[in-house]
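J.: The structure follows.
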Amino acid sequence: MTNITTFFPQRHQGWALGLNAGGGNLGVAVVQLLGLLVIATAGDTHPSYVAAAYLPLIALVSLLAALRMDNVDAVRGAPGTQREAVRHRGTWWISLLYVGTFGSFIGYGFAFGLVLQSQFGSTPLEAASFTFLGPLLGSVARPLGGRMADRWGGARITLLTFMGMAGGTALLVLASYTTTFALFVTGFTALFVLSGIGSGSTFKLIPALFARNAEDAVAAGRDARVEFERSRRLSGAVLGIAGAVGALGGVAINLVFRASYSGPGSSGTPAFIAFLAYYALCMVVVGTVFLPRERREAQEPAALPKHLSRVS
């Protein structure tokens, strides 16, 4: 994904990053469908069959990577790039948001079926017949989130996404109280779609943030080429950091669900309330850290040299 910051101008990077990551996220839906196939043909006691199906694919992709992939010098991390990215405050704000979007996508992808079994008594086969749909829709929605962020701004789309996710979580709380299966599936499906859109728009914040920093440095008299190369490298480093931290959100969601369903007669309501609080925190971060600057820049055209217009 770091190569995208070199191959595409900043105004198209939301769409490009969304396509790349959305294609990767389809793996969640694929593994759910593969699990459904294994359950239908061999029962639910052979999870190793799912892993075995991936072995020849892993070997094939490894061979293709060795023979066909090239390193891109423009995004090679210079000494100290990772340390500089870790010290940058924006890295951790974006990581916090990505926990809420991509972390939700991953966590719900693996918890959805277990929640259906725990709360509604679904069999593994019945649960698996529903669980693939959410990750599939969320993966398809991720490029859309990137495209929307390219057009209207990553902060604006991310804020609207978290507002929608809060509404979807409130719907799950209502479904838990009323034990309405259709409402529960509808709420989860909405969360998958919104988390996909939000993942795309959150990643758009990364190259936009460092491109703006580079513009400020150029305006202050620094060398334009050096600053924009630095912004590419930092963007690549933060893509990796935010991706890793965001994936940990999936672990957190499963741990919260486990605690919520640990007692007799328990439900997922405490977990959903915890998620609702986190989405509210993310809305505050977007509204106070990213949205004000995005609004200012929408009103003030960037003063960049013409030969750098493609970079920005």
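J.: Can you name the number of the only condition in (1) open to solvent by 10 Å² or more (accessible area, probe 1.4 Å); (2) out of contact with any Phe, Trp or Tyr (no Cβ under 6 Å at 6 or more places or on another chain) that Thr161 fails?
T.: It fails just one condition, (1).
J.: Give the residue, chosen from Ala190, Ala141, Ala182, that is among the hydrophobic types (A, V, I, L, M, F, W, C), under 28 Å from Ser267 (Cα atoms) and crowded, with 19+ Cβ neighbours inside 10 Å.
T.: One residue alone meets the criteria, Ala190.
J.: What pairs come out if I take residues in the stretch 14-41 that are on the phi < 0 side of the Ramachandran plot and part of a helix (DSSP H, G or I) and pair them with residues that are open to solvent by 20 Å² or more (accessible area, probe 1.4 Å) and among the charged types (D, E, K, R) whose C-beta lies under 6 Å away, six or more apart or interchain?
T.: From the stretch 14-41, the pairs are Gly14/Asp150; Trp15/Arg147; Trp15/Asp150.
J.: Could you tell me whether Leu160 is under 11 Å from Ser201 (Cβ atoms), without any contact (Cβ under 8 Å) to a residue 24 or more places away in the chain and of a type outside the set (Lys, Arg)?
T.: So Leu160 fits the description; yes.
J.: Go over the candidates Leu248, Leu281 one by one and state the one that is modelled with pLDDT of 80 or more, surrounded by fewer than 21 Cβ atoms within 10 Å (Cβ to Cβ) and under 22 Å from Ile157 (Cα atoms).
T.: Within the list Leu248, Leu281, the selection yields Leu281.
J.: Could I ask something else about it? Give the residue that is surrounded by the fewest Cβ atoms within 10 Å (Cβ to Cβ), with candidates limited to residues of the stretch 41-99 that are among the β-branched types (Val, Ile, Thr) and under 21 Å from the mean Cα position of the chain (by Cα).
T.: Applying the filter and picking the extreme gives Val86.
J.: Do we find a residue being farther than 22 Å from Ile241 by Cβ, of a type in the set (Lys, Arg) and at pLDDT 80 or above anywhere in the stretch 76-90?
T.: Checked against the condition, which is being farther than 22 Å from Ile241 by Cβ, of a type in the set (Lys, Arg) and at pLDDT 80 or above, the stretch 76-90 yields no hits at all.
J.: If I go through the stretch 253-274 residue by residue, how many of them are in contact (Cβ under 8 Å) with a residue 24 or more places away in the chain and open to solvent by 50 Å² or more (accessible area, probe 1.4 Å)?
T.: Counting residues in the stretch 253-274 that are in contact (Cβ under 8 Å) with a residue 24 or more places away in the chain and open to solvent by 50 Å² or more (accessible area, probe 1.4 Å) gives 2.
J.: Please return the ranges of helices (runs of 4 or more DSSP H) entirely within the stretch 127-223 where 2 or more residues are over 21 Å from the mean Cα position of the chain (by Cα) and closer than 18 Å to Ser235 by Cβ.
T.: 181-219
J.: A further question follows. For the stretch 109-126, what are the residues that are open to solvent by less than 60 Å² (accessible area, probe 1.4 Å), at pLDDT 80 or above and assigned to a helix (DSSP H, G or I)?
T.: Gly109, Ala111, Phe112, Gly113, Val115, Leu116, Gln119, Phe120, listed by residue number.
The values are calculated or read from the model by the stated rules, or taken from the named source; none is laboratory data. Only a predicted model underlies this, so the values are computations on that prediction, with no experimental measurement involved. Cβ atoms come from the backbone with ideal geometry, glycine included; neighbour counts cover every protein chain shown. These area figures cover heavy atoms from the full protein model, side chains too; ligands, DNA and RNA do not enter into them. Shrake-Rupley method; radii C 1.70, N 1.55, O 1.52, S 1.80 Å.
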